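Accompanying notes for the structure given below.
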Amino acid sequence: MIYFDNSATTKVSDEVIKKMTYIMSEEFGNPSSLHSFGFSAEKEITSAKKIISKILKANENEIFFTSGGTEANNLAVLGAANSYKKSGNHIVVSKIEHPSVLEAYKKLENTGFSVSYIDVDEKGYVDIMQLQDTINENTILVSIMCVNNEIGTIQDIEKISKIIKNKNSKTLFHVDCVQSFCKHTINSKHADLITLSAHKIHGPKGVGALFIKKGVRLEPIIIGGKQQNEIRSGTENVPGIAGFAIAAETMNNNINENYKKVSSVKNKLAEIKNKLPDIFINGDYENGSPYILNMSFSGIKGETLLHFLENKNIFVSTGSACMNNHKKHIGTVDVIGGIGENSLRFSFSKENTVSEAEECLLTLIEAIPFLRQYKQL
């Protein structure tokens, strides 16, 4: 099997499974309990906060755990907007954010907030001038992702942060780093809110985190037992949190080695554009994330090619896994060029090899002429 759908999810590492199994069998207490089992569980959470905060160059008290990236994005957007609505009702978001961000903005728009949607260019970069002109004294929140989940465009977060703060120092900046955490260097000083997820870096599904800069207020979206300083109620997923920390530490310790490895895989597969005509790379191939390669194949529907590859035991994606069952969704590729139905996303991990890319390349060389000819019959 060749698995090139790592932006959707990654294989859980053996180290993570070992850690989670140990906690579930030996340190299974509720972290809110006052006895020794509870204390041991609480220590695991504290340790995880230290690991993740160190990677972000943040304080451990600024890390809050969630059920995943979607909840973290929801909490950041809805929590910030509702907490600061007395200061203004204007919020700003790029048009190519993850659905968990865009849908949250739509919800706020339906409740009376004024939302500005920022355009991107043909490579997926945010229109900086439009962003600068859009921010005003009533702008309380801006959301722009670091690495796009469909085409891999990397935004200049430091530059964008300076533009936002120069226009309105009180405007909060939220950055979705689900596809960039432990793959690209992230510094918390450039954002007020940062979204993370475990299952994109060989951790378990169902756990994520939100960095909340000291002094930033959020209205909770889950209430109850007042865990995590009342920001996110509910008994913490201790095995998942501990697994998340192991995955993050392992990935971050090898961040440069992994970067070089996946770059080689991506470059090998991208050779297809020189082998056959009418194949186009979406996004910025030279400067985008090496973990994502999005290509369009003229005359072939992406879904058709996906299933051809699947029959050869090669697994890829047509785009964001979160929206594949919702045909009305306008994905990133559609926004930048209207060619979404002809595109496929190949996304890589440290587990992939150049030889896998070579095999996929040969399969594409076989598949594309056949499918184009078949369409004409």
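Each reported figure results from applying straightforward, stated rules to the coordinates on display, with no laboratory input. All figures in this text were calculated on a predicted structure; none of them were measured in a lab. Methodologically, a virtual Cβ is constructed for each residue, glycine included, from the backbone with ideal geometry; neighbour enumeration extends over all protein chains shown.
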Taking a ≥ b ≥ c as the square roots of the eigenvalues of the Cα gyration tensor, with a/c under 1.5 meaning rounded and otherwise prolate when a/b exceeds b/c and oblate if not, the chain is oblate
Length-normalised contact order of the chain, Cα under 8 Å, at least 6 apart, in percent, tallies to 23 percent
Once you list every other residue whose beta carbon is under 9 Å from the beta carbon of Ala8, what net charge do they have if Lys and Arg are +1 and Asp and Glu are -1?
+1
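My understanding is that a pair violates if its Cα-Cα distance is over 23 Å; which of Lys54/Lys86; Lys107/Lys165; Lys107/Lys214; Lys170/Lys214 do that in this structure? Kindly include the intermediate steps, with their values, before the conclusion.
Numbers: Lys54/Lys86 34 Å; Lys107/Lys165 25 Å; Lys107/Lys214 26 Å; Lys170/Lys214 14 Å.
Violating the 23 Å Cα-Cα cut-off are Lys54/Lys86; Lys107/Lys165; Lys107/Lys214.
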Rounded to whole Hz and in sequence order, give me ³J(HN,Hα) for segment 43-56 from the Karplus expression 6.51 cos²θ - 1.76 cosθ + 1.60, θ = phi - 60°, writing x for Gly and Pro.
4, 5, 5, 4, 4, 5, 4, 5, 5, 5, 5, 5, 5, 7
Antiparallel DSSP bridges in the chain: what percent, to the nearest 5?
50 percent
Looking at Ala367, Ala247, Phe315, which one has the Cα that reaches farthest to the positive end of the dipole of the chain (charges on Cβ: Lys, Arg +1; Asp, Glu -1)?
Ala247
Long-range amide H contacts for Leu172: which residues qualify at under 5 Å (H placed 1.01 Å from N, peptide plane, sequence gap of 5 or more or a different chain)?
Leu141, Val142
Return the aspartates and glutamates within reach of Lys266: Cα separation strictly under 16 angstrom, same-chain partners fewer than 8 residues apart disregarded; answer none if there are no such residues.
Asp5, Glu150, Glu257, Asp284, Glu286, Glu351, Glu356, Glu358, Glu359
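Greater than 28 Å separation of Cα atoms is the criterion. Which listed pairs, Lys11/Lys260; Lys19/Lys95; Lys50/Lys106; Lys85/Lys167, meet it? Spell out each step's value before the answer.
Working: Lys11/Lys260 20 Å; Lys19/Lys95 39 Å; Lys50/Lys106 35 Å; Lys85/Lys167 18 Å.
The pairs that break the limit, which is 28 Å between Cα atoms, are Lys19/Lys95; Lys50/Lys106.
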Charge-dipole axis of the chain as Lys and Arg at +1 and Asp and Glu at -1 on Cβ define it, positive-most pick from Ser100, Leu218, Ile281
Leu218
Between rounded, prolate and oblate, where does segment 54-104 land on the alpha carbon gyration tensor, with a ≥ b ≥ c its root eigenvalues, rounded for a/c under 1.5, else prolate if a/b exceeds b/c?
oblate
Magnitude of the Cβ-charge dipole of the chain, K/R +1 and D/E -1, about the Cα centre, nearest 20 debye?
560 debye
Alpha-carbon centroid distance for the pair segment 28-76 / segment 187-209, whole angstrom:
12 Å
Using θ = phi - 60° and the Karplus form 6.51 cos²θ - 1.76 cosθ + 1.60, what ³J(HN,Hα) does each residue of segment 7-16 get, whole Hz, x for Gly and Pro?
6, 7, 6, 10, 5, 5, 6, 4, 4, 5
For a quick check: sort Thr318, Thr250 by the number of other beta carbons within 10 angstrom, fewest at the front.
Thr250, Thr318
Under the Karplus relation 6.51 cos²θ - 1.76 cosθ + 1.60, θ = phi - 60°, what is the ordered set of whole-Hz ³J(HN,Hα) values for segment 109-120, x standing for Gly and Pro?
4, 6, 9, x, 6, 8, 10, 10, 9, 8, 6, 10
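Once you have a ≥ b ≥ c as the square roots of the Cα gyration tensor eigenvalues for segment 42-189, tell me rounded if a/c is under 1.5, and otherwise prolate or oblate according to whether a/b is larger than b/c. Provide the component values of the computation, followed by the final result.
Working: a/c = 1.64, a/b = 1.34, b/c = 1.23.
Note, shape of segment 42-189 comes out prolate.
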